[in-house]
Amino acid sequence: MIVVTSKYLVPKGYTAIALFPFVFVRDAALASHPVLLNHERIHLRQQAELLVLPFYMWYIIEYGIRYLKYKDQKTAYRNISFEREAYANEKNMGYLRSRYFWKFFNYLKI
C-alpha cells in the first residue's frame, strides 16, 4: 500500500479513496489515521481478490442498483457490499489477518 496525499483525486465529501495499489488521502494528517487506513486496506484486498478492474465494475453496478432502490446517494454508497464490509471491520486492526477469501459476499444483501 502506498499512501499519497491529493485533494484532487479524492472525491468531494470523502477523506480517502483506494485505487489499487494506492490509497489517496485528502489531507496529509490522515495519512497515519489507523482506522481510515484499515478501511482502505480492506478495499485494497477486495480489489486484489477481484483482479482490480472487475472490482470497479461491480462497485459501480452495485452502486447503481442501490441508488435505484434507496433514491439517495449516501444510503446507496453505504449499502454497497464492499463498503458494508469495510465499515463493519475498520476498527478491527487484525481483521485482514483472519479474513477469508471473498468475505464481502457475506455483506451482499438483496
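Overview of results
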read-out	value
Some residue of segment 74-89 being over 13 Å from the mean Cα position of the chain (by Cα) and over 16 Å from residue 14 (Cα atoms)	no
Residue within segment 21-36 that is within 13 Å of the chain's Cα centre (by Cα) and of a type in the set (Asp, Glu) present	no
Selection count, segment 1-20, where residues are surrounded by 11 or more Cβ atoms within 10 Å (Cβ to Cβ) and either of a type in the set (Ser, Thr, Tyr) or touching a residue at least 40 places away in the same chain (Cβ under 8 Å) (or both)	5
Scan of segment 3-20 for residues that are of a type in the set (A, V, I, L, M) and part of a loop (DSSP other than H, G, I, E, B), ordered by number	9, 10
Hits in segment 90-110 (condition: more than 15 Å from the chain's Cα centre (by Cα) and within 16 Å of residue 65 (Cα to Cα))	109, 110
All helices (runs of 4 or more DSSP H) inside segment 21-110 with 3 or more residues being buried (at least 18 other Cβ atoms within 10 Å of the Cβ) and of a type in the set (A, V, I, L, M)	34-49
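Since every read-out is calculated from the coordinates, none of them should be taken as a lab result. Here the structure is a predicted model, which means the values were calculated and not measured. Cβ atoms come from the backbone with ideal geometry, glycine included; neighbour counts cover every protein chain shown.
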